[in-house]
Every structure is written in C-alpha cells, then in structure tokens.
Amino acid sequence: MMKKLLFIFISYVAITSAIAQETYYNDVNLNLTGVALKDALATKIINTHTNALDYTPGIWEASRATDVNPDNSSEVLLIYGYSATGTTSRTRGINDNGGNNGDWNREHVFANSLGNPDLDAGGTNGPPYADAHNLRPSDTQINSSRGNKRFATGSGNSGSVTDGWYPGDEWKGDVARIVMYMYLRYGDQCKPTFVGVGDSSQTPDDMIDLFLQWNAEDPVSDVEKQRNPFHENTTNTYAQGNRNPFIDNPRLATRIWGGPDAEDLWGIYSNTDTEAPTAPTNLIASNITTSSIDLSWTAATDNIAVTNYDVFVDGNLTSNTTNTSVSLLNLNSNTTYSITVLAKDAADNESPLSNAITPTTLEDTQAPSTPTNIVISNETDTTFVVTWNASTDDTAVTEYEIYIDNVVNGTSTTTTYTATGLSASTTYSVQVLAKDAVNNTSALSSAVNATTTDGGTSSANELFFSEYVEGSSNNKVLEIANVTSNPIDLSVYSIKRNGNGGATWSAPLNLSGTIAAGDVYVIINGSASIQKLIDEADYVHPNTTSTNNGEPINFNGNDPVGLFKNDVLIDIIGVFNGGTANFAKDVTLRRKSSVVNPNTNFDLVNEWDQFSIDTVDNIGIHDAATASVSDELLEKINIYPNPIANNTIYITNNSTILIEEIVIYTINGKEVYRTSKEITNEGLKVKSLSTGTYFIKMKSNLGNITKKILVN
C-alpha cells in the first residue's frame with residue numbers, strides 16, 4: 001500500500017512540476033509540431049527578450065549568477081572544462097574573470113564570425129553578440145583554442161577533432177541547446193549549418209543531425225537549469241527576459257526537427273493518455289462591434305490537464321488559445337456567425353464541440369475619418385506620387401479614392417498613389433477620400449497642388465541616394481545627390497534604417513543645411529576609419545550609446561535604408577520588411593548616372609552599379625562634372641601641422657577657390673569652433689582644444705572638404 005501511495009505522490013509531483021515549467025509558455029500552442037512549433041517558440045523568445053545586455057558589464061554579471069557552480073557558490077563552471085586544475089579546469093573562481101591566462105572569459109558558443117552577418121551586426125533588442133543565452137564562462141586559453149572552429153563529432157573530453165571542435169561529453173548537450181536557441185532567436189543569421197558539421201537533409205530547415213543527437217544523448221544539467229529562471233525574472237538587473245525553450249524541455253527539438261527522442265522534462269509528449277477532455281460549456285458572446293466579437297466559456301476538465309482550445313467560426317478553425325476567452329477580429333458587419341469551441345490536452349485528445357452560438361455583428365453606418373497631410377513628391381513631366389496619413393474607422397478602411405481636378409483618377413489600398421499620364425508643366429488639384437467595406441465614404445481631404453516638370457532633357461526634381469557604402473567595420477556611408485537646378489533645404493528630410501529587413505523603421509536621423517544644385521551630401525558613421533570618407537564627410541554621425549551605435553548609419557548588408565521627406569518615404573535602398581536577405585553585404589552601391597529621381601521600389605539591376613567592399617573613390621562625386629571640383633579642393637587646400645600644437649591651425653590655399661566658412665567638430669559631432677572669415681594663406685588661432693580627434697570642415701564656393709585633425 002505504501003508503494004502505491006508513493007507512486008501516486010511521485011506522479012502528482014511530476015505533473016505539477018510539468019505544469020509549473022510551462023507557465024512561461026502559456027500563450028504558446030505546445031501541441032504544434034515542425035516549423036509551426038519552431039515559429040511559435042521563436043515569437044515567444046523574441047517578444048520576451050526585453051532587456052538588451054551590455055557585453056561589459058552585463059554578460060560578466062549575468063554569468064556570475066547563471067553559471068555558478070551548484071556545488072560551490074564561489075566558483076563558476078567553465079564550458080569545455082574537464083579537469084581539476086590548469087587550462088582545462090572545469091571550475092574557476094567566480095571573480096577570476098578577464099582576458100589573461102588563468103582567467104575565465106566569455107565564450108560565444110555560436111562563434112561571432114560564423115553568423116551571417118557576424119553576431120555584432122545588430123538585431124532586435126541589441127546585437128546577438130551580447131545574447132547571454134549564447135555566452136558561457138570558459139578558460140581564456142580554451143576559448144582561444146576553440147576560436148571559431150565548427151562543432152564536430154568526437155568523444156571524451158573537449159578538443160580539436162578532424163573537422164573542427166568537440167565540446168566534450170559533458171558539454172555537447174549544452175552546445176546543442178544553445179545553437180537551437182540562437183537559430184530560433186536570430187533566424188537565418190544563425191543557421192546550425194554555419195556552426196556545426198552534419199547533415200540537414202532529414203530536417204525541415206537548416207538544423208543538422210549532430211545537434212539533435214547531442215541534445216538527446218546529453219541530458220539537461222543542473223547548471224543549465226539555473227539559467228532560465230534568472231533570465232526570465234526581469235527584476236534581476238542582468239536578466240534578458242526570455243528563456244531557452246530547449247533547456248526547459250529538450251523534447252521540443254524532437255517535436256520540431258525529428259531525430260532521436262530527447263528527454264521530455266514536462267512529461268506531456270511521452271505519456272500514454274488516451275482520455276479526451278470534456279466539452280467546453282457556457283459559450284458566451286459579448287462586446288459585439290461591427291467587426292469583432294469577444295467570446296468566453298467555462299473551462300473543460302481532463303484526467304491530466306487541458307492545454308488549449310480550438311475556436312471554430314462557421315465550421316472553420318479560426319483561433320487557438322490556452323485561455324477560456326478570445327476575441328474574433330476582422331469580421332464582416334451585420335453578419336451572423338455560428339461559433340463552437342473544443343478542448344485539447346497535451347496528447348492531442350479532443351473534446352466534443354461545445355453547443356453553437358449565433359451572434360450577429362453590428363451594422364456599419366459610420367464613415368471613415370478624412371485623410372490628412374497630403375504630400376506630393378517624385379514629380380516628373382507625366383507623373384507624381386501622392387501620399388497621406390491613414391484614415392481611421394470603427395471597422396476598417398478598405399480603400400482610398402484619389403481625385404485630380406475633382407475627378408477620380410484611381411484607387412489605392414495603401415496610403416500611396418502614383419498618378420500617371422499627366423501633362424508637362426501643369427498644376428493639378430489633388431484630393432483623397434477614404435472608404436470602408438460597406439462603402440461608407442469620408443469627406444474629401446483638403447486640396448493640394450501638384451505641378452509636373454517641364455519635360456526638358458532633365459526631369460530631376462528631388463533628392464535621392466546616390467551612393468551606399470557597406471564597408472569593413474564601421475565604414476558605413478550614405479551619399480545624397482541633388483541633380484536638380486536649385487538648392488534644396490535638408491530640414492524636411494530624414495534617414496531611417498529598417499533593421500534586418502523587419503517590420504519597423506528606426507528612429508530618424510533628421511538632416512539639416514542645404515544641398516547646392518549639382519552637389520552631394522555625405523553622411524558617415526562616426527567610427528569610420530577610411531581617410532577618403534573622413535575627408536568627404538558633410539556630417540559625421542556619432543557612434544555612441546546615445547545614438548544606438550550610430551543608427552541609422554550602422555546598417556549592414558541586410559538593413560534597408562530609406563530617405564524620407566516630411567516623414568514620407570521617397571527613396572529606398574533595399575526592400576522594406578524584406579526579410580534578412582543580404583542584398584548589399586560588403587559592397588558599395590553607386591546609382592547609375594541615368595537615374596535622376598528617387599524610387600520607393602528598390603531596383604538593384606537597373607538603377608545601381610555594384611563594387612567590391614571599401615570601394616570609396618567616388619564618394620563626394622556623383623558624376624564626372626563635379627570630379628574636377630573635388631580634386632582641386634583636395635589638391636590645393638592644405639591643413640598643417642597635423643597633429644596640431646599651440647591651438648594654431650595653418651591653411652594653405654593655392655587656388656582661386658574662395659573658402660567661405662570653417663567649422664570644427666569633436667569626433668562625436670559637437671561643434672567647438674566656427675568662423676566665416678575669408679581664408680587665404682594664414683594661421684587660425686582657435687579657442688583651447690583638449691587633446692583628441694576633431695574634424696575640420698571647410699565650405700567653399702565650389703564645394704566642401706572635411707579632414708580629420710589631431711590635437712596634442
């Protein structure tokens with residue numbers, strides 16, 4: 001009898017523990033399999049990664065908490081370690097961290113350079129480089145020995161093997177689960193095929209058999225189990241907010257990618273439960289609008305536990321939830337729906353359907369609001385682009401009508417419209433109205449005038465990107481050209497970055513000043529090191545914490561950038577929300593001379609020439625007509641001495657070029673000196689400058705020149 005009671009107690013504890021372990025995943029459908037489960041878990045860990053840690057001190061401090069030796073709180077465990085003392089030691093004093101021999105350092109299990117792009121290339125909530133789930137304490141020399149070797153098959157202790165690096169029998173499961181996390185968290189930037197030697201033909205994506213095998217062979221250790229509770233609890237200063245799902249339950253990997261069965265720590269995938277839950281009861285509809293219905297019901301019961309509910313509308317599965325309520329959205333107005341719900345348990349046993357209810361959405365009689373902020377851009381002799389702020393509606397705006405001279409010219413489902421077939425040198429009156437699904441219409445917007453160009457040989461009328469440098473390290477540059485016949489005020493323009501081709505734009509870099517007709521404006525990252533870029537810069541954007549590391553001039557080859565006018569996109573390099581494709585990695589893109597206007601549809605083939613990394617010879621020049629001007633500025637104006645002493649700067653001007661203004665900036669972009677005195681061959685006394693690096697910018701009647709200067 002005692003044995004039976006003990007068995008019942010152990011079973012109860014196991015089930016209770018399983019439910020507790022799943023708390024973080026309450027809004028994840030754990031009954032999914034394959035890529036669908038992978039995507040659901042990825043969404044969870046991305047959305048809860050709310051605290052971006054600094055590499056220093058963040059990772060040091062987090063490691064002291066998550067990797068403390070469970071048997072000795074004054075030590076950390078060292079990944080790849082296996083001996084009692086020396087370089088291959090398994091433990092090290094918790095405060096013996098650093099970069100010297102005998103210290104423990106921070107090992108990137110998914111090696112930085114094996115990411116594509118590198119892990120320091122940015123990502124949501126900070127770069128992958130400082131993701132604590134990928135960083136483990138390691139002896140500095142072992143860290144160096146592993147380097148960026150790919151993981152490969154081996155046995156026994158850690159060390160180099162024929163194809164790369166074997167982490168050791170004790171650590172191979174840790175490695176596998178870290179790689180799996182990085183794949184979910186950062187997608188194609190961190191494919192397992194980049195970091196391990198194995199076969200991916202039996203998986204639905206780029207997971208390889210090596211990591212599935214290690215995940216199954218090496219169970220989750222006690223030190224691994226310390227990591228997730230710490231990082232989920234954001235009251236901890238150095239917690240990220242998210243968890244590694246494969247530490248919580250290694251069987252999740254088997255559910256996604258197949259391979260050998262890994263341990264099921266929750267017990268939900270390895271039980272023999274065949275009993276279905278009861279049907280949900282008391283299904284109620286409330287808060288009914290023209291396009292939505294809130295549903296609630298009484299929970300079903302099960303011999304173990306109900307895990308989720310399927311919601312059916314007119315017989316079609318439309319929603320799945322772990323709660324006993326859900327909101328149905330995007331419904332048609334004045335429509336009756338038949339709704340039922342069923343319950344599921346972890347073994348995918350399904351209850352009968354609940355009784356059906358038949359609520360009716362409200363009739364939509366309200367018109368959308370009137371469109372505002374109508375903006376005209378990209379004018380040519382026969383076309384122009386119209387953009388506006390979105391209207392609002394109690395249901396949804398479905399379409400806009402665009403009126404030109406009081407006649408409907410066309411419709412758009414977005415807030416952008418291109419008018420075509422127009423006459424040159426003609427002014428048109430433009431208005432927009434909004435419609436909803438039942439044809440309620442807003443009032444017409446206020447009219448704005450749009451004038452087409454004269455149809456001459458040059459139809460240039462707007463600024464555009466003329467060059468893009470995605471160079472080595474921080475050599476990131478954008479050049480904007482003005483090929484119109486008039487100077488253009490930059491104060492209404494801004495630049496934004498679309499990080500990793502995601503769904504949002506970065507905060508804007510607002511521009512200022514004026515671009516003369518036929519001139520270019522060069523913006524460089526504050527940590528750029530190529531002298532040509534420094535010499536040609538019109539604006540040096542600081543690469544500091546306050547600018548989020550120089551955003552948006554910290555783009556990589558998978559980061560589209562946009563030029564905005566009055567916060568309306570007018571030109572783009574890359575495809576917004578286009579995924580993580582490296583459309584311009586390690587290249588210079590130069591706009592073809594045939595392009596005279598911006599384009600919100602990126603056309604790499606027809607509008608851009610591509611050059612190898614760090615090709616910057618054409619920066620500061622958009623066409624041959626301005627080349628001689630730039631050459632003369634560089635050849636005939638000299639600044640010395642460099643480094644500068646005694647705060648005296650000598651400028652030699654051996655030309656007829658008129659230097660109109662001199663401005664000196666700190667390396668962080670702060671202005672410290674300005675003069676509009678005409679400069680000939682003389683020395684300038686400037687106010688006391690502290691020792692450091694500065695930029696001196698000279699504005700002339702023919703263009704601008706910028707040089708880096710050092711002050712001793």
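The values are calculated or read from the model by the stated rules, or taken from the named source; none is laboratory data. As the structure is a prediction and not an experimental result, all values here were calculated from the model. Glycine also receives a Cβ, built like all others from the backbone with ideal geometry; neighbour counts cover every protein chain displayed.
Beta carbons closer than 8 Å, at least 6 apart along the sequence or on distinct chains, pair a first residue in the range 149-178 that is in a loop (DSSP other than H, G, I, E, B) and surrounded by fewer than 23 Cβ atoms within 10 Å (Cβ to Cβ) with a second that is modelled with pLDDT of 95 or more and among the acidic types (Asp, Glu) for Ser155/Asp169; Gly156/Asp169; Asn157/Asp169; Asp169/Asp218; Glu170/Asp218.
In the range 272-286, is there at least one residue being among the hydroxyl-bearing types (Ser, Thr, Tyr), within 30 Å of Pro368 (Cβ to Cβ) and touching a residue at least 40 places away in the same chain (Cβ under 8 Å)? No; the residues of the range 272-286 include none that is among the hydroxyl-bearing types (Ser, Thr, Tyr), within 30 Å of Pro368 (Cβ to Cβ) and touching a residue at least 40 places away in the same chain (Cβ under 8 Å). With respect to Ser494, determine if the residue is at pLDDT 90 or above, surrounded by fewer than 22 Cβ atoms within 10 Å (Cβ to Cβ) and small (Gly, Ala, Ser). It is true that Ser494 is at pLDDT 90 or above, surrounded by fewer than 22 Cβ atoms within 10 Å (Cβ to Cβ) and small (Gly, Ala, Ser).
Considering the range 274-301, and only residues there that are hydrophobic (A, V, I, L, M, F, W, C) and part of a strand (DSSP E or B), the residue that is surrounded by the fewest Cβ atoms within 10 Å (Cβ to Cβ) turns out to be Ile284. Checked against (1) under 18 Å from Ser286 (Cβ atoms); (2) surrounded by 18 or more Cβ atoms within 10 Å (Cβ to Cβ), Ala356 passes all but a single condition, namely (2).
Here Gly123 meets each of (1) at pLDDT 95 or above; (2) within 15 Å of Tyr183 (Cα to Cα); (3) assigned to a loop (DSSP other than H, G, I, E, B) with one exception, condition (1). Kindly indicate whether Val469 is of a type in the set (A, V, I, L, M) and in contact with a strand residue (DSSP E or B) (Cβ under 7 Å, 6 or more places away or on another chain). Yes. Tally time: how many residues in the range 184-210 are hydrophobic (A, V, I, L, M, F, W, C) and under 24 Å from Val76 (Cβ atoms)? Counting residues in the range 184-210 that are hydrophobic (A, V, I, L, M, F, W, C) and under 24 Å from Val76 (Cβ atoms) gives 1. Taking the condition farther than 25 Å from His108 by Cα, in contact with a Leu (Cβ under 9 Å, 6 or more places away or on another chain) and either in a helix (DSSP H, G or I) or modelled with pLDDT of 90 or more (or both), does Leu37 pass? For Leu37, the condition - farther than 25 Å from His108 by Cα, in contact with a Leu (Cβ under 9 Å, 6 or more places away or on another chain) and either in a helix (DSSP H, G or I) or modelled with pLDDT of 90 or more (or both) - is met. Here Glu350 meets each of (1) in contact (Cβ under 8 Å) with a residue 12 or more places away in the chain; (2) out of contact with any Lys or Arg (no Cβ under 6 Å at 6 or more places or on another chain) with one exception, condition (2). Val397 meets the conditions (1) out of contact with any Pro (no Cβ under 7 Å at 6 or more places or on another chain); (2) surrounded by 17 or more Cβ atoms within 10 Å (Cβ to Cβ); (3) not polar (S, T, N, Q) in every case but one. The failed one is (1).
Apart from one condition, Thr234 fits all of (1) closer than 15 Å to Thr66 by Cβ; (2) in a helix (DSSP H, G or I); (3) of a type in the set (Val, Ile, Thr); the exception is (2).
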